[in-house]
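Structure, as structure tokens:
The values are calculated or read from the model by the stated rules, or taken from the named source; none is laboratory data. This structure is a prediction, so every number in the text was calculated from the model and none was measured. Positions of Cβ are backbone-derived with ideal geometry, glycine not excepted, and every protein chain shown enters the neighbour counts.
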């Protein structure tokens, strides 16, 4: 069972995802990375979320950064959005991830901060798993 599913909108977001994966691995939290674009592969995003038994999702995307919001619209589980610096120093992605409509919550960490996303996921998991050493 995968506890955290990391979804990236593009292969170019992989360096940020690797930071999250490393932090989760260091904490012995099972995780997996999938590439699925909210714009180019919406059916793949839908499938990844619906078929996952993950307890927390980390969604990483740049530019319009729709991926975290799309993931949050498909699950009641916690979603952590990581904006990626592609243009405008990442501010476009940051604002996109932060400005979710009512009823579609997404926790947001700093630009390119995959490690903090992983640490937040670990804290969420620790609420129901006292064995986690965080």
Quick one: in region 95-108, of everything that is in contact (Cβ under 8 Å) with a residue 24 or more places away in the chain and assigned to a helix (DSSP H, G or I), which residue is farthest from the chain's Cα centre (by Cα)? 96
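Give region 34-66 a look and list any residue that's under 18 Å from residue 122 (Cα atoms) and either crowded, with 23+ Cβ neighbours inside 10 Å or touching a strand residue (DSSP E or B) at 6+ places or on another chain (Cβ under 8 Å) (or both), or say none.
52, 54, 55, 56, 57, 58, 59, 60
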Odd one out for residue 52, checked against (1) closer than 15 Å to residue 80 by Cβ; (2) touching a residue at least 60 places away in the same chain (Cβ under 8 Å); (3) over 13 Å from the mean Cα position of the chain (by Cα): (2)
State all residues of region 14-40 that are assigned to a loop (DSSP other than H, G, I, E, B), closer than 25 Å to residue 85 by Cα and touching a helix residue (DSSP H, G or I) at 6+ places or on another chain (Cβ under 9 Å); if no residue qualifies, say none. 36, 37, 38, 39
Look at residue 111 and say whether it is in contact with a helix residue (DSSP H, G or I) (Cβ under 7 Å, 6 or more places away or on another chain), assigned to a loop (DSSP other than H, G, I, E, B), closer than 19 Å to residue 19 by Cβ and modelled with pLDDT of 95 or more. yes
Filter region 48-91 down to the residues that are in a loop (DSSP other than H, G, I, E, B) and under 18 Å from residue 112 (Cβ atoms) and list them by number. 63, 64, 65, 66, 85, 86, 87
Would you please list the contacts, defined by Cβ atoms under 7 Å and residues six or more apart or on different chains, that run from a residue in region 6-33 that is more than 18 Å from residue 68 (Cβ to Cβ) to a residue that is outside any helix (DSSP H, G or I)? 27/132; 27/134; 29/3; 29/4; 30/1; 30/2; 30/3
Scanning region 67-85 residue by residue, those more than 26 Å from residue 128 (Cβ to Cβ) and crowded, with 20+ Cβ neighbours inside 10 Å turn out to be 83, 84
